[in-house]
Amino acid sequence: MCPERLRVAVYGAVQGVGFRPFVYRLATGLGLVGWIHNSAQGVVVEVEGTRSQLDHFCHQLQSERPPLSQIERIEPTWLAPVGDAVFEIRPSTTGTKTAMVLPDIATCSDCLAEIVNPTNRRYRYPFTNCTNCGPRFSLTEAIPYDRANTTMRHFTMCPRCQTEYVNPGDRRFHAQPNACPECGPHVELWSPAGTVLASTDSALQAAAAAIRQGKIVAIKGLGGFHLLVDARNELAVRRLRQAKQRQAKPFALLYPSLAAITAQCDVSELEAQVLRSPAAPIVLLKRRLPADSTACPSYPAPAVAPNTPYLGIMLPYTPLHHILLADLGFPVVATSGNLADEPICTTADTALQRLGSVADVFLMHNRAIAHPVDDSVARVLAERVT
């Protein structure tokens with residue numbers, strides 16, 4: 001049968017979700033040749049093969065697309081065959097920028113399994129990610145979504161990360177923030193004066209120790225700084241309230257696991273799904289108060305959320321938070337790193353300047369934040385998420 005060629009322009013949230021690797025595997029699996037690249041509007045694909053192969057390609061493009069992708073529309077155009085030898089991912093093109101980049105995505109189960117595995121090279125590495133999870137919007141400086149257009153451009157991949165990046169069978173195939181302890185960002189613990197107190201894993205352990213001691217720890221996350229304290233420590237929570245000039249508004253809580261949440265709150269199946277979703281929002285949950293609070297020291301202190309039966313709770317959504325909360329094993333207050341009526345801090349300089357009199361120590365990292373991102377809040381009412 002004579003080959004035919006099809007050009008497909010795909011619009012929507014198709015960058016930063018593993019769409020190009022998906023199309024690569026789909027096309028090569030069907031025996032098609034051609035190419036795909038990111039554009040300023042979405043992705044563009046040209047595939048060449050028999051009409052039957054192309055029909056299968058078009059069907060599977062939509063039915064088997066990456067779960068995080070969102071296709072708004074597809075524009076197909078039939079072209080004359082050109083006789084490509086292979087299918088390849090080509091460099092991105094520029095133009096009028098209309099492409100969507102997804103929000104940052106909570107750590108996937110595969111990456112989580114790596115950071116808790118002592119034999120894995122990413123064991124306890126707080127910037128582990130793949131095409132299915134990790135930072136997106138917060139580090140994207142320009143469209144198309146390529147490493148050169150993100151704050152990860154300052155980190156050159158080591159040979160092993162580069163091998164993952166170019167391997168079609170690897171889940172880090174074209175994962176733009178790909179990194180490891182050898183070549184990627186790292187954390188440091190700083191004093192309010194900017195003195196480095198500890199680096200890498202020692203910094204994580206020291207930050208956990210400071211929280212256990214009742215100290216206020218400012219942590220640089222994906223889209224800005226959080227202020228963390230032991231949620232069980234009434235004095236520490238009150239001190240944070242005074243420092244943030246926040247008299248009564250409830251604080252958000254970060255719990256180490258869903259099991260820890262269900263032990264203290266009523267959690268429906270839908271609420272559990274929202275907590276574990278890729279967006280990982282703060283979810284308002286009704287707490288179960290113990291008959292004798294003094295007999296339950298693991299419960300959040302009264303100053304966390306006074307005069308309300310609800311708690312705003314989230315699960316760890318980055319490897320850094322997973323590592324820290326696994327070390328602690330108890331809930332922490334995780335409130336935005338700013339004072340009243342001030343924007344959230346995103347750089348080390350502004351954090352030290354604005355929060356130097358609030359935080360006892362700072363857990364910093366050297367990956368720049370392109371866009372500030374605050375935590376979203378969700379609530380389930382009548383089996384609907386609002």
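Can you pull out the residues in region 143-183 that are without any contact (Cβ under 8 Å) to a residue 24 or more places away in the chain and under 26 Å from TYR11 (Cβ atoms)?
Of everything in region 143-183, those that are without any contact (Cβ under 8 Å) to a residue 24 or more places away in the chain and under 26 Å from TYR11 (Cβ atoms) turn out to be ALA148, ASN149, ARG153, TYR165.
Mind checking which residues of region 162-213 are more than 21 Å from SER138 (Cβ to Cβ), at pLDDT 95 or above and polar (S, T, N, Q)?
If the condition is that a residue be more than 21 Å from SER138 (Cβ to Cβ), at pLDDT 95 or above and polar (S, T, N, Q), then GLN162, THR163, SER191, THR195, SER199, THR200, SER202, GLN205, GLN213 are the ones that fit.
For residues in region 134-160 being assigned to a helix (DSSP H, G or I) and of a type in the set (A, V, I, L, M), which is nearest to the chain's Cα centre (by Cα)?
Checked region 134-160; the qualifying residue nearest to the chain's Cα centre (by Cα) is LEU139.
Take region 257-278 and flag every residue that is closer than 13 Å to ARG379 by Cβ, open to solvent by 30 Å² or more (accessible area, probe 1.4 Å) and part of a helix (DSSP H, G or I).
The answer is LEU270, and nothing else.
Kindly indicate the residue of region 3-12 that is in contact with a helix residue (DSSP H, G or I) (Cβ under 9 Å, 6 or more places away or on another chain) and of a type in the set (A, V, I, L, M, F, W, C) and also nearest to THR131 (Cα to Cα) among those meeting that condition.
If we take residues in region 3-12 being in contact with a helix residue (DSSP H, G or I) (Cβ under 9 Å, 6 or more places away or on another chain) and of a type in the set (A, V, I, L, M, F, W, C), then VAL10 is nearest to THR131 (Cα to Cα).
Any idea how many residues of region 361-386 are closer than 23 Å to SER199 by Cα and either touching a strand residue (DSSP E or B) at 6+ places or on another chain (Cβ under 7 Å) or of a type in the set (A, V, I, L, M, F, W, C) (or both)?
Result for region 361-386: 7.
Identify all residues within region 335-354 that are in a loop (DSSP other than H, G, I, E, B) and without any contact (Cβ under 8 Å) to a residue 12 or more places away in the chain; write none if there are none.
Correct list: ASP341 only.
Please determine whether any residue of region 64-71 is surrounded by fewer than 15 Cβ atoms within 10 Å (Cβ to Cβ), among the basic types (Lys, Arg) and not in a strand (DSSP E or B).
no
Can you say whether SER293 is polar (S, T, N, Q), modelled with pLDDT of 95 or more and open to solvent by 20 Å² or more (accessible area, probe 1.4 Å), as far as the supplied structure shows?
In short, no.
Return the residues of region 23-53 that are in a helix (DSSP H, G or I) and buried (at least 22 other Cβ atoms within 10 Å of the Cβ); say none if nothing qualifies.
VAL23, ALA27 - these are the residues of region 23-53 that are in a helix (DSSP H, G or I) and buried (at least 22 other Cβ atoms within 10 Å of the Cβ).
Filter region 229-249 down to residues that are at pLDDT 95 or above and in a loop (DSSP other than H, G, I, E, B) and give me whichever is most open to solvent (accessible area, probe 1.4 Å).
Once the filter is applied, the top-ranked residue is ARG232.
Taking the criterion of being part of a loop (DSSP other than H, G, I, E, B) and over 26 Å from ARG147 (Cα atoms), would at least one residue in region 73-80 satisfy it?
Yes; the residues of region 73-80 include at least one that is part of a loop (DSSP other than H, G, I, E, B) and over 26 Å from ARG147 (Cα atoms).
Could you check how many residues of region 355-365 are part of a loop (DSSP other than H, G, I, E, B) and farther than 13 Å from LEU189 by Cβ?
3
Yes/no matrix, rows are residues, columns are (1) in contact with a Phe, Trp or Tyr (Cβ under 6 Å, 6 or more places away or on another chain); (2) at pLDDT below 95:
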{"site": "LYS97", "(1), (2)": "no, yes"}
{"site": "VAL101", "(1), (2)": "yes, yes"}
{"site": "PRO126", "(1), (2)": "no, no"}
{"site": "PRO144", "(1), (2)": "no, yes"}
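Would you be able to tell me the number of residues in region 331-364 that are open to solvent by 20 Å² or more (accessible area, probe 1.4 Å) and of a type outside the set (Asp, Glu)?
15
Considering every residue within region 162-170, establish whether at least one is closer than 30 Å to SER357 by Cβ and either over 23 Å from the mean Cα position of the chain (by Cα) or open to solvent by 40 Å² or more (accessible area, probe 1.4 Å) (or both).
Checking region 162-170: not a single residue is closer than 30 Å to SER357 by Cβ and either over 23 Å from the mean Cα position of the chain (by Cα) or open to solvent by 40 Å² or more (accessible area, probe 1.4 Å) (or both).
The values are calculated or read from the model by the stated rules, or taken from the named source; none is laboratory data. What you are looking at is a predicted structure, and each value in this text was computed from that prediction instead of being measured. Every residue, glycine as well, gets a Cβ built from its backbone with ideal geometry; the counts of neighbours run over all protein chains shown. Surface accessibility is based on the protein's heavy atoms, side chains included, excluding ligands, DNA and RNA. Shrake-Rupley method; radii C 1.70, N 1.55, O 1.52, S 1.80 Å.
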